[in-house]
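Let me begin by presenting the structure, written as structure tokens, before commenting on it.
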Amino acid sequence: MPPAPYAVHPAASRGRLHPEPESPTRSPFQRDRDRVIHSTAFRRLQYKTQVFVNHEGDFFRTRLTHTIEVAQIARSIARALGLDEDLTEALALAHDLGHPPFGHAGEEALNLAMKPFGGFDHNAQSLRVVTLLEARYAAFDGLNLTWETLEGLVKHNGPLPRPPAYIAEYDARHKLDLATQPSAEAQVAALADDIAYHSHDLDDGLRARLFDVADIAHLPVVGAALAAARQASLDMPPARLRHETIRRVIDAMVTDLIAEATRRIVRLAPKDADAIRHAKRRVVAFAEPMAEANQAIKDFLYARMYRHWRVNRMTSKARKLTEALYRLLLAEPILLPDDWRARAGEAGTPRCAGIVGDYVAGMTDRYAMDEYRRLTDLSVSG
């Protein structure tokens, strides 16, 4: 199937900040995808929290498995809409590279600790990772991704009239058109994130027994999926019932998204990708009833999962550990490994604050816990 005229076409890419010869075997966006997959930051996602800290169970989602699920959903939607699948996949795989350990608890703690220095934003940190922190190439810092991938990475949730500090700093030397809508590919990646997030958190919440199927039967879309799953087999075991329900939820949301995006694209009649970027509203969206259902699922998960007392206990400990680790290293950067210490400079300075933020944000859950123990427990050698 040929790409739609409003898709981002690799032959028309605006290129890379540091010019490189094109690959004879891969498109620019395929190279971006491959560079993300081979990055250190991508591998670390395996041991970063989604909701449950990594050591709490082998079968709960991690930030890596979440990312892979987002990429699968995003690529399927992109194919149905005639978009560039490789760019969509690259964006889905890169969207969480800036997340610190312990999920949102870690982000909240870093943001609080870094307030005097501008705070912490995982979206801006993702840009730092792919443009600065990955050190893999002789000729440049970062991954030197295409303009289209960088644009979609920072804008996938919409225009940025007031960008975080690093995004504004980067934009000053490599304009990413922050005031316009993201490409359709980036819009797909953003909503695929929602679909994956809510469906797998329902799955993990049921598996962890934070709630049961009776508690979700009233939810829009979820209740209908549960009823349809039960009709498929009257004596279905609980685990299979859960999987049958969740796959129906994903299918319903993806089907609605494709249908609504198609309606909006037909109405807009965009002639190229820039017409998508300059539209007054996003073209990839849920229809109103599904958007309301999506919000209802989000509200349920917030109340019954993300604020469950068992999750709260781990969240509280993770937040305290992350903040304490950051403040300790900010006050004593001589405790940093040699390569980080050389870049940090004097304790308490903005430069030191940024380097310590990069160091802590790059940690996995396990490494953060081990590093805190090494720095605070006199019985553990450094």
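Derivation of every value follows stated rules applied to the coordinates shown; laboratory data play no part. Small disclaimer: the values here were computed from a predicted structure and weren't measured. All Cβ positions, glycine included, derive from the backbone under ideal geometry; neighbour counts span all protein chains shown.
Here are a few things to note about the model shown:
- Sequence-ordered 3J(HN,Hα) estimates for region 130-139 from the Karplus curve with 6.51, -1.76 and 1.60 and θ = phi - 60° stand at 7, 10, 9, 7, 5, 10, 10, 10, 5, 8 Hz, glycine and proline given as x.
- Across region 319-376, Cα pairs under 8 Å and at least six residues apart give a relative contact order of 32 percent.
- From most to least packed by mean Cβ count within 10 Å, the peptides 353-363, 240-250 give 353-363, 240-250.
- Farthest positive-ward along region 305-382 dipole, Cα basis, beta-carbon charges - from S379, M369, P333: M369
- Each peptide in 28-40, 364-376, 306-318, 10-22 receives the mean, over its residues, of other Cβ atoms within 10 Å, and ordering these scores from highest gives 28-40, 364-376, 306-318, 10-22.
- Mean ellipticity per residue at 222 nm, deg cm²/dmol - from DSSP H runs of n ≥ 4 across the chain, formula -39500 (n - 2.57): -18500 deg cm²/dmol
- Potential extension, N157-D212 segment - 0.36 nm per residue separation minus Cα distance: 16.6 nm
- Global geometry of region 254-382, whether rounded, prolate or oblate, following the gyration tensor of its Cα atoms and the 1.5 cut on a/c: oblate
- The ranking of K320, K271, K280, K48 from fewest to most other beta carbons within 10 Å of each one's beta carbon is K280, K271, K320, K48.
- The order of the peptides 281-294, 103-116 by mean Cβ neighbours within 10 Å, most packed first, is 103-116, 281-294.
- Counted residue by residue at 0.36 nm each, then reduced by the alpha carbon distance between them, the extension gain from V266 to A139 reaches 41.3 nm.
- Normalised by the number of residues in the chain, the average gap of Cα pairs under 8 Å and 6 or more apart makes the relative contact order 21 percent.
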